[in-house]
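Before any comments, here is the structure.
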Amino acid sequence: MANGKTVKYNARKKLHWLLLLWAAFLGSIGIIAVLFLVNVPDSVKWLGTLIALIMSLIMVFYCKPYINYYDMHHRYELLLATNIGTVETNCQFNQDWIEQFSIKGYQMHVDNELFQIWYRFKKSLARKTFIKTQLIEIVTIIKNKSIDLYDSRIEKEYKKLWQRFEKEQHLNKQIILQFKKLDDLDDKVKEDLNRIISYREGDNYLISINCGYYPQTNEVYYLHSSKFAPNAYYRYAVSQIEDIIRE
C-alpha cells in the first residue's frame with residue numbers, strides 16, 4: 001500500500017522537473033528579449049535566438065520523460081492511497097455469468113483450457129477530435145489458477161488483436177479487464193492484483209486492471225477509488241467492471 005511519503009515524494013519530483021522545464025523556457029524568452037533590446041548586429045540576434053530555441057527544445061526532450069515517469073507514479077500512489085479494495089458481488093463467475101458478454105456486444109477471440117478472451121469496440125470518450133478514433137475493450141477470464149496475470153500466452157493474444165484491428169478500427173486506446181478466481185485474498189495476492197497498467201502518451205491510452213474473485217466470501221478485489229482515478233479511461237474501465245460484476 002502507498003503511504004503519504006511516497007505520494008509526496010513523487011509529487012515533489014514531478015514539480016521539480018516541471019519547474020526546471022519552465023525555467024529553461026523562461027530563460028530562453030529572456031535571452032531572446034535581451035538580444036532584441038540591446039544594440040547588436042542582426043546576425044547575432046538571430047543566431048542567439050536559434051541557439052535559445054534549440055536549447056529549449058533539448059530541455060523539453062530531456063525533462064519530459066522524467067515528468068511523465070513521476071507523474072505516472074504519483075497518480076498510481078494516489079490510487080493506492082485511496083483504494084477501496086474488495087466489493088461484494090452476487091455473481092458466481094460461472095457459465096451463466098460468462099453469457100453476459102455476448103449480450104453486451106463482446107465477441108469471442110479465443111477460448112481454451114487456460115483462458116477466455118472477449119473483445120468489443122467503442123468510440124473514444126473525447127468527442128472533439130479531428131480524427132475519429134476508437135478503443136478496444138478486452139475482457140479476459142483466466143480459467144487455470146496457475147496462470148499468471150501477465151502470462152506471455154495472454155499477452156500474445158492481446159498483440160494479435162491489436163495488430164488485426166489497429167488500422168481497420170482506428171485504434172489508439174486499449175482497455176483490458178482480467179478476471180481470475182482466487183483461493184486466497186491475503187496482502188500478497190492483493191499486491192499482485194495491484195499491478196495495473198495506466199499508461200498515457202498524448203491521446204494514446206493503455207489501461208489494464210486485474211480483478212480477483214474470492215468465492216468464499218463472494219467478493220471481488222480490484223484497484224479502484226471513489227475519490228481518484230489516474231485518468232478518464234481508468235475511471236471508465238472501473239465503471240465497466242462494476243457493470244460486469246453486477247450481472
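The values are calculated or read from the model by the stated rules, or taken from the named source; none is laboratory data. Worth saying up front: this structure is predicted, and the values here are computed from it rather than measured. Cβ coordinates were reconstructed from backbone atoms using ideal geometry, including for glycine residues, and neighbour counts include every protein chain displayed. The accessibility values were calculated without ligands, DNA or RNA, using every heavy atom of the protein model including side chains. Shrake-Rupley method; radii C 1.70, N 1.55, O 1.52, S 1.80 Å.
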On the accessible surface of region 89-159, probed at 1.4 Å, how many percent belong to carbon and sulfur atoms?
51
Could you tell me which GluC sites (Glu not before Pro) in region 131-238 are loop residues by DSSP with no more than 15 other beta carbons within 10 angstrom of their beta carbon?
Glu166, Glu168
Using the charge dipole of the chain (Lys, Arg: +1 at Cβ; Asp, Glu: -1 at Cβ; taken about the Cα centre), state which of Ile136, Ala126, Ile175 has its Cα farthest towards the positive end.
Ala126
For Ala23 and Asp151, FRET efficiency with R0 = 51 Å and r from the beta-carbon atoms, rounded to 0.05?
0.65
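With each run of n ≥ 4 DSSP H residues scored as -39500 (n - 2.57), what mean residue ellipticity at 222 nm is computed for the chain after dividing by its residue count and rounding to the nearest 500 deg cm²/dmol?
For the chain, the value works out to -15500 deg cm²/dmol.
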With a ≥ b ≥ c the root eigenvalues of the C-alpha gyration tensor of the chain, is it rounded (a/c under 1.5), prolate (a/b larger than b/c) or oblate?
prolate
With unit charges on the beta carbons (Lys and Arg positive, Asp and Glu negative) and the dipole taken about the Cα centre of the chain, which residue among Met108, His73, Ala24 sits farthest to the positive side?
Ala24
Per residue, how many Å² of accessible area does region 141-224 show with a 1.4 Å probe?
51
Under 19 Å from a point 7 Å along the Cα-to-Cβ line of Asp111: which residues of region 198-233 have their amide N that close?
none
From most to least accessible, 1.4 Å probe, no ligand or DNA/RNA atoms counted, Leu37, Leu114 line up as Leu37, Leu114
Please list Lys14, Lys160 from largest to smallest accessible area, probe radius 1.4 Å, with all protein chains kept in place.
Lys160, Lys14
Using unit Cβ charges (K, R positive; D, E negative) and no other charged atoms, how large, in debye to the nearest 20, is the dipole of the chain about its Cα centre?
980
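Calculate the FRET efficiency for Phe36 and Asp187 from the Cβ-Cβ distance with a Förster distance of 45 Å, rounded to the nearest 0.05.
On the way: r = 62 Å, r/R0 = 1.37.
The pair Phe36/Asp187 has a calculated efficiency of 0.15.
Which percent, to the nearest 5, of DSSP beta bridges fully inside the chain are antiparallel?
55
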